[in-house]
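Peer 1: I'd like to ask some things about the structure below.
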Amino acid sequence: MGKKVLKWIGIVLGGLVGLAVLAFGILFIRGNSQANKHYNNIPAEAVTIPIDASASQYGAHLATILICTRCHGQDLAGQVEYAIPGLLTIPTPNLTAGNGGVGSFYTDEDWVRAIRHGVGHDNRPLFIMPSQAFYHLSNEDLGALIAYLKSVPAVDNELPPREIALAGKLMMGAGMFPDYAVDLINHDGPRPTVPPASVTAAYGQYLAHTCTECHGADLNGMPFGPPGKEVPSPNLTPAGPLASWTVDDFFTTIRTGTAPDGRHLSEDMPWPYFSQMTDDELTAVWLYLQSLPPLPQGG
């Protein structure tokens with residue numbers, strides 16, 4: 001009797017080990033495939049890149065309020081911001097023409113595909129690059145931004161290659177990584193309508209696309225933070241904390257990082273970059289936020 005029990009225990013344990021090995025193999029194959037995806041058929045529209053200084057200056061303004069400098073550094077020379085030993089190393093690329101920089105070989109088409117479509121010159125998806133928020137940029141704004149990127153001083157900064165370790169690939173296979181931006185964009189769809197630059201709610205919506213990355217598509221908040229430690233981001237609709245704010249409160253908060261109740265904004269909130277918006281731009285964003293339907297807290 002004892003031998004039969006031990007035999008069955010051995011069979012069960014062997015089956016469990018086999019299932020574990022099978023699951024490991026499936027997750028690895030799936031994660032490895034995801035980590036090495038290529039997108040060979042993403043179109044790149046013809047975008048005129050202006051050469052006048054004023055366009056480049058406006059592009060520099062866009063690079064600030066779109067938070068490009070937060071990830072790529074003030075000199076746009078890139079940095080290793082996302083690195084977890086044994087899991088992954090994801091550098092944000094050097095965008096200049098210096099050693100190690102993509103600016104030395106990127107064509108205008110490469111810039112368009114990277115910013116608007118989330119695909120690098122080698123057809124690999126750009127990891128962490130929020131192209132889904134930049135896809136809406138008008139051709140004029142995108143052209144000005146690229147004109148600026150092509151004009152920045154060259155900085156030598158060789159960065160390590162992107163690497164997804166075994167554990168990272170297993171997590172990727174289990175769906176624990178965010179989707180690539182390239183998979184969130186309708187590349188064949190019509191270009192989004194772009195309102196004229198003016199102090200209107202419509203233009204404020206155009207400027208506030210970046211906000212949806214943290215506050216959700218409806219701007220009423222969403223789970224934000226590392227897996228397992230997410231917290232709801234604030235509700236920006238009139239049903240949230242902004243319900244009692246005035247436009248002056250909004251300006252002061254974005255310009256200083258301190259809310260009307262004396263609370264300092266989270267370090268995750270890139271207010272130092274948004275604070276560089278012009279008065280007209282901030283007013284347009286405020287008008288847009290006030291025009292939203294009041295929604296319950298998301299996340």
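The values are calculated or read from the model by the stated rules, or taken from the named source; none is laboratory data. Because the structure is a prediction, the values reported are computed rather than measured. Positions of Cβ are generated from backbone atoms using ideal geometry, with glycine treated the same way; all protein chains shown enter the neighbour counts. Quick note on the areas: whole protein, heavy atoms, side chains included, nothing else; ligands and nucleic acids left out. Shrake-Rupley method; radii C 1.70, N 1.55, O 1.52, S 1.80 Å.
Peer 1: Using the heavy atoms of the protein chains alone and a 1.4 angstrom probe, what is the accessible area of segment 173-299 per residue in square angstrom?
Peer 2: 54 Å²
Peer 1: Sticking with this one: In 10 Å bins starting at 0, how do the alpha-carbon pair distances of segment 24-146 split up by percent?
Peer 2: Pairs per bin, as whole percents: 12, 41, 33, 11, 3, 0.
Peer 1: Shape call for segment 80-131 from the C-alpha gyration tensor, a ≥ b ≥ c root eigenvalues: rounded (a/c under 1.5), prolate (a/b greater than b/c) or oblate?
Peer 2: It comes out oblate by the Cα gyration axes.
Peer 1: I'd like the accessible area for R30, computed on protein heavy atoms only with a 1.4 Å probe and all protein chains in place. Round to 10 Å², please.
Peer 2: R30 has an accessible surface of roughly 130 Å² with all protein chains in place.
Peer 1: Residues with beta-carbon under 12 Å from that of Y203, excluding Y203: net charge, scoring Lys, Arg +1 and Asp, Glu -1?
Peer 2: -3
Peer 1: How large is the helix-only mean residue ellipticity at 222 nm for the chain, computed as the sum of -39500 (n - 2.57) over DSSP H runs with n ≥ 4, divided by its residue count, in deg cm²/dmol to the nearest 500?
Peer 2: Value at 222 nm, helices only, nearest 500: -12000 deg cm²/dmol.
Peer 1: Calculate the dipole size of segment 210-299 relative to its Cα centre from +1 charges on Lys and Arg beta carbons and -1 charges on Asp and Glu beta carbons; express the result in debye to the nearest 20.
Peer 2: 220 debye
Peer 1: If I take every Cα pair under 8 Å that is 6 or more residues apart in segment 114-168, average their sequence separation and divide by the length, what percent do I get for the relative contact order?
Peer 2: This gives 25 percent for segment 114-168.
Peer 1: Can you tell me how segment 77-229 classifies by the Cα gyration tensor, rounded, prolate or oblate, using a/c under 1.5 as the rounded cut?
Peer 2: oblate
Peer 1: OK, next. Can you tell me which of G98, G120, G78 moves the most in a GNM of the chain? Springs connect C-alpha atoms under 10 Å apart.
Peer 2: Looking only at G98, G120, G78, the largest GNM fluctuation is found for G98.
Peer 1: For every other residue with a beta carbon closer than 9 angstrom to the beta carbon of N99, add +1 if it is Lys or Arg and -1 if Asp or Glu, then tell me the sum. Intermediate results must be reported in sequence, preceding the final value.
Peer 2: Values: positive: none; negative: D156, E158.
The answer is -2.
Peer 1: Just tell me, in residue order, which DSSP H segments of the chain are both 30 angstrom or longer along the helix axis (alpha-carbon based) and at least 1.0 in mean Kyte-Doolittle hydropathy.
Peer 2: Membrane-span-like by this rule: 2-35.
Peer 1: Could I ask something else about it? Computing the accessible area with a 1.4 Å probe over protein heavy atoms, can you report the carbon and sulfur percentage for the chain?
Peer 2: About 61 percent, which is the carbon plus sulfur part of the accessible surface.
Peer 1: Specify which residue in the list A97, T212, V80 is farthest towards the positive end of the charge dipole of the chain, using unit charges on the beta carbon of Lys, Arg (+1) and Asp, Glu (-1), about the Cα centre.
Peer 2: It is V80, whose Cα lies furthest towards the positive end.
Peer 1: If you don't mind, there's one more thing I want to ask. Give me the percent relative contact order of the chain, please, defined on Cα pairs under 8 angstrom at least 6 residues apart.
Peer 2: 19 percent
Peer 1: Could you order E267, E140, E45, E281 by accessible surface area, starting with the largest, using a probe radius of 1.4 Å?
Peer 2: E267, E140, E45, E281
Peer 1: Right, next: What does the charge count near V47 come to, summing +1 for each Lys or Arg and -1 for each Asp or Glu among other residues with Cβ under 14 Å from its Cβ?
Peer 2: -2
Peer 1: Given contacts defined as C-alpha pairs under 8 Å and at least six residues apart, what's the relative contact order of segment 190-278, whole-number percent?
Peer 2: After rounding, I find 13 percent.
Peer 1: Give me the compactness ratio for the chain, meaning the Cα radius of gyration over 2.2 N^0.38 Å.
Peer 2: Its radius of gyration relative to the 2.2 N^0.38 Å reference: 1.20.
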